[in-house]
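Please read the structure below before turning to the comments.
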Amino acid sequence: MSDLLSIKGIGPKLKTKLNRNDIYDCFDIINRFPSRYEVYRLTTLKDAPEGSRVTLEGKVASSAVVNYIRKNFNRLSFDLMIEDRNFKVAIFNRDYLRNVLTVGEDIVVTGNIDRIKNTFTATTLKLKKNFKNEIEPIYNIDGVGDAQFQKLVQLSLKEYGHLIKDDLPMSLIKKYRLITYSELLNIVHSPVSSKDLIKIERRIKYEELFKFQMKMQYLKLKNKSKKSLIKKYDINLVKEFIKSLPFVLTSDQKKATNEIIKDIKSPYVMNRLLEGDTGSGKTVVSAISILTVLSAGFQVAMMAPTEILAKQHYETFKEYFKNYDYKIVYLSGKLTSKERFDCLK
C-alpha cells in the first residue's frame, strides 16, 4: 500500500538509491528524521561572533579561482567585500560556482570568520536573490539530495501521514507538555523557528528515554521468570572486607551494594546498571559485589572497554583482594597463547 513507487517522482533508479539507505516504503521516508539542521540567519559583521558559524551578506570583489587539490577535492576562492572589509573566502568542492560569482554580485555566505587573517571559510554560498532566513534539514542520505528528499517526505506525509499513530499515551503528552507525533511530523522535516527545534528535541528525547525505560522494565520482568542458581555467600567475609577499606562507604554506596547483594542471593537472573560520576565509588561497589559472588564459590569476569582501563582494574582488584585466596588474572586479546593458557588453567 505504501510502496515507494506510489509517490510521484520516485522511479526504479531512485527506489534503488533509497533501498541502499534502508528506506523501503513511504513510512520509512516519513520516519527518516534529519540528522541535523543548518540554521541560516543573516547577521551583521559587528554581531558575528568570532570562531562560530555565521551567515553574512557581501559583494564579490574579485574573480573566483579554483585550485584542484586532489581528485574529487577542490577549493574555490575569491575576495568578498563584507560591509567595509575585504575577506578572502574559501569554499570546497564548489567549482561549478566559478562562473556564477561575477564581480559585483551580491551573495550570502555561511561559515566561520577569522577577523585577524581576514578570511572566511564557507560551507554554504547562495546568491542574495535566492537567500532567505530559514532552517534547512540535513538528511545525509547517500545519493539523494536534501531538498529532493524533503519533497518526498512532504508527498509521503500527504498520502500516508494520517495512518501513523502516536506511541506515547496522551496523558504523558499533556503532563509533560510535549507535541504529538502528528505535530512532530509536521515540523521535524520543515521547522521555521528555534522554538520548533526545541519542541522537536524535547519530544524525540523524551520518547527515546521512555522507550528505553519500557525496554528495561520488560527485561526486568522477563528476568524475574528466569531461574538462577542461589548463591550462598559468606556474609561475614563481605562485612570484614567492607570494614578493612580505608574509608567508610557513603549512603549511596551502601544502598547500591545492598541492592546488588539482594539480587545476587535471589533465585532470579540479575540485570542492573550501576552508574555514577567519576570518583563516586562504582569500583568499590563492584569489588564488594565480586567478593560476594566469589565467597559463594563462583567465578567472576569483569570486562572493561579499553585495555588501559582493564589493566587499571586488574591492579586495583589485586590490591583489594591481596589478603584473600582468590586467583586474579588479566585476559586480553593481545596475550600470547601461552600467557592465555596460563591464565585459564
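The values are calculated or read from the model by the stated rules, or taken from the named source; none is laboratory data. Since we're looking at a predicted model, the values are computed, not measured. When we count neighbours, we look across all protein chains shown, and the Cβ atoms used for this are built from the backbone with ideal geometry, even at glycine.
Observations on the model:
- The number of residues in the stretch 48-62 being modelled with pLDDT of 90 or more and out of contact with any Lys or Arg (no Cβ under 8 Å at 6 or more places or on another chain) comes to 7.
- Pairs where the first residue, in the stretch 164-179, is in contact (Cβ under 8 Å) with a residue 12 or more places away in the chain and more than 17 Å from residue 199 (Cβ to Cβ) and the second is of a type in the set (A, V, I, L, M, F, W, C) and surrounded by fewer than 10 Cβ atoms within 10 Å (Cβ to Cβ), C-beta under 8 Å, 6+ apart: none
- Residue match in the stretch 142-154 (condition: free of Cβ contacts under 8 Å to residues at least 60 places away in the same chain, of a type in the set (S, T, N, Q) and farther than 29 Å from residue 188 by Cβ): no
- Verdict on residue 89 being modelled with pLDDT of 95 or more and out of contact with any Pro (no Cβ under 8 Å at 6 or more places or on another chain): yes
- Some residue of the stretch 223-246 being exposed (fewer than 15 other Cβ atoms within 10 Å of the Cβ), more than 21 Å from the chain's Cα centre (by Cα) and β-branched (Val, Ile, Thr): yes
- Qualifying positions in the stretch 320-345 - of a type outside the set (A, V, I, L, M, F, W, C) and surrounded by 11 or more Cβ atoms within 10 Å (Cβ to Cβ): 320, 324, 326, 330, 332, 339, 340, 342
- Some residue of the stretch 304-320 being part of a loop (DSSP other than H, G, I, E, B) and either farther than 30 Å from residue 217 by Cα or touching a Ser or Thr at 6+ places or on another chain (Cβ under 7 Å) (or both): no
- Pairs, first hydrophobic (A, V, I, L, M, F, W, C) in the stretch 219-248, second in a loop (DSSP other than H, G, I, E, B) and surrounded by 10 or more Cβ atoms within 10 Å (Cβ to Cβ), C-beta under 6 Å, six or more apart: 219/271; 230/267
- Boolean, residue 180 is in the same structural domain as residue 273 (by TED's automatic domain parsing) and of a type in the set (Val, Ile, Thr): no
- Exactly one residue among 300, 285 is among the hydrophobic types (A, V, I, L, M, F, W, C), assigned by TED's automatic domain parsing to the domain that holds residue 332 and part of a loop (DSSP other than H, G, I, E, B), and that residue is 300.
- Residues of the stretch 302-318 that are among the small types (Gly, Ala, Ser) and surrounded by 14 or more Cβ atoms within 10 Å (Cβ to Cβ): 310 alone.
- Unique match (being assigned to a loop (DSSP other than H, G, I, E, B) and more than 31 Å from the chain's Cα centre (by Cα)) among 58, 9, 51: 9
- Single residue of the stretch 254-284 satisfying the filter (in contact (Cβ under 8 Å) with a residue 40 or more places away in the chain and surrounded by 12 or more Cβ atoms within 10 Å (Cβ to Cβ)) that is nearest to the chain's Cα centre (by Cα): 271
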